[in-house]
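See below for the structure under consideration.
The values are calculated or read from the model by the stated rules, or taken from the named source; none is laboratory data. Given the structure is predicted, the values throughout are model-derived calculations rather than measurements. Heads up, the Cβs are rebuilt from the backbone with ideal geometry, glycines too, and the neighbour counts pull from every protein chain shown. Quick note on the areas: whole protein, heavy atoms, side chains included, nothing else; ligands and nucleic acids left out. Shrake-Rupley method; radii C 1.70, N 1.55, O 1.52, S 1.80 Å.
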Amino acid sequence: MIAAFIVPLAACNAPRIESPVESAGPCKTAYTNAVSATSHTTTGNPFIDRYLSAGNAVKSWREAATLCPSQFSVYTMKSAQMQWLQHNLSVLVGATATQPNPALANLDNIFALRVSNDTLASMALAEDRAGFEIQILAAKGAGNATLQLSDDHKAVASRLISLEIKDADVTAAPNDPREKVYDVANLIAHPNTITDPSTGLQASTVAVSEMNCARESLAALSRALPVSKSDDSSVGNDNSSQNQKTESSGKTLAVLADLISSRIYFALSLGYPAFDAALYE
């Protein structure tokens, strides 16, 4: 039975999405490492090798996401997919499985993020919407929907708004698009299983809410991040202020990759389809 559910995950090949920034530099190195680790997770390799390689792939894709901003969305998704694969392979090798954390990630220890206020606002909207959806689903008694999970999403939304860079006029209102109440008629009609409008696939309603929260945040970042150069494109430049800016940007992307991949991983743990066609456009 275990072998049966692991087969679809074993087909998770590295997405062939090479961008100009992958031709040289740190981005190329990170991408190559990620592809190499992923290639050893497929069927035909010993289970223990697949398990260990999946763990390496999680870290390598996360690093690639921070060094290759133009591919941040794809590589963050890939990192979470590999984390879920490793979780399932742990059963086969007798390792302690990583348990999904219902509390997800948070930004409690983050005091600044190098992204635009509009991007933070869009991400806050995604988190707030997810919080409201989970709140309604919890009231409907949907599986895995809890008020704590709802509160966690809303807390992250508030934190994102608080991290917006303030103008000189400190009295100016923040860019806060949160509506607090959203149209959830479709969720109310399908509290347990729903068709994901993004893919046309059916999955747990809570899982779809979590995945769409992640996708909305990834879309916001994709609009904001560079299209043709990586955060580390300036590495080697003697300008210390530029290098400091690059380091700060890389740390921001690492924080956001952790946050968003936690939503993706949680959705996968609730039964959201983990095969490539369900995750990548």
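Annotations
- The set of residues in the range 115-149 being closer than 28 Å to residue 66 by Cβ, polar (S, T, N, Q), assigned to a helix (DSSP H, G or I) and open to solvent by 10 Å² or more (accessible area, probe 1.4 Å) consists of 117, 122.
- Top-ranked residue of the range 83-97 - restricted to ones that are open to solvent by 20 Å² or more (accessible area, probe 1.4 Å), over 15 Å from the mean Cα position of the chain (by Cα) and hydrophobic (A, V, I, L, M, F, W, C), ranked as modelled with the lowest pLDDT: 97
- Restricting attention to the range 45-66 and to residues that are open to solvent by less than 50 Å² (accessible area, probe 1.4 Å) and aromatic (Phe, Trp, Tyr), the residue that is farthest from residue 254 (Cα to Cα) turns out to be 51.
Yes or no, residue by residue, for (1) assigned to a loop (DSSP other than H, G, I, E, B); (2) at pLDDT below 90:
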{"position": "5", "(1), (2)": "no, yes"}
{"position": "12", "(1), (2)": "yes, yes"}
{"position": "18", "(1), (2)": "yes, yes"}
{"position": "28", "(1), (2)": "no, no"}
{"position": "50", "(1), (2)": "no, no"}
{"position": "70", "(1), (2)": "no, no"}
{"position": "81", "(1), (2)": "no, no"}
{"position": "99", "(1), (2)": "yes, yes"}
{"position": "113", "(1), (2)": "yes, yes"}
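- Qualifying residue in the range 28-37 (condition: open to solvent by 10 Å² or more (accessible area, probe 1.4 Å) and within 16 Å of the chain's Cα centre (by Cα)): no
- Residue in the range 202-226 that is most open to solvent (accessible area, probe 1.4 Å), counting only those that are touching a residue at least 40 places away in the same chain (Cβ under 8 Å) and not in a helix (DSSP H, G or I): 226
- Boolean, residue 238 is part of a helix (DSSP H, G or I), modelled with pLDDT under 95 and among the acidic types (Asp, Glu): no
- Lone qualifier among 172, 138, 189 - being out of contact with any Phe, Trp or Tyr (no Cβ under 7 Å at 6 or more places or on another chain), modelled with pLDDT under 95 and over 20 Å from residue 264 (Cβ atoms): 172
- Subset of the range 114-134 [more than 16 Å from the chain's Cα centre (by Cα) and more than 22 Å from residue 205 (Cα to Cα)]: 114, 115, 116, 117, 118, 121
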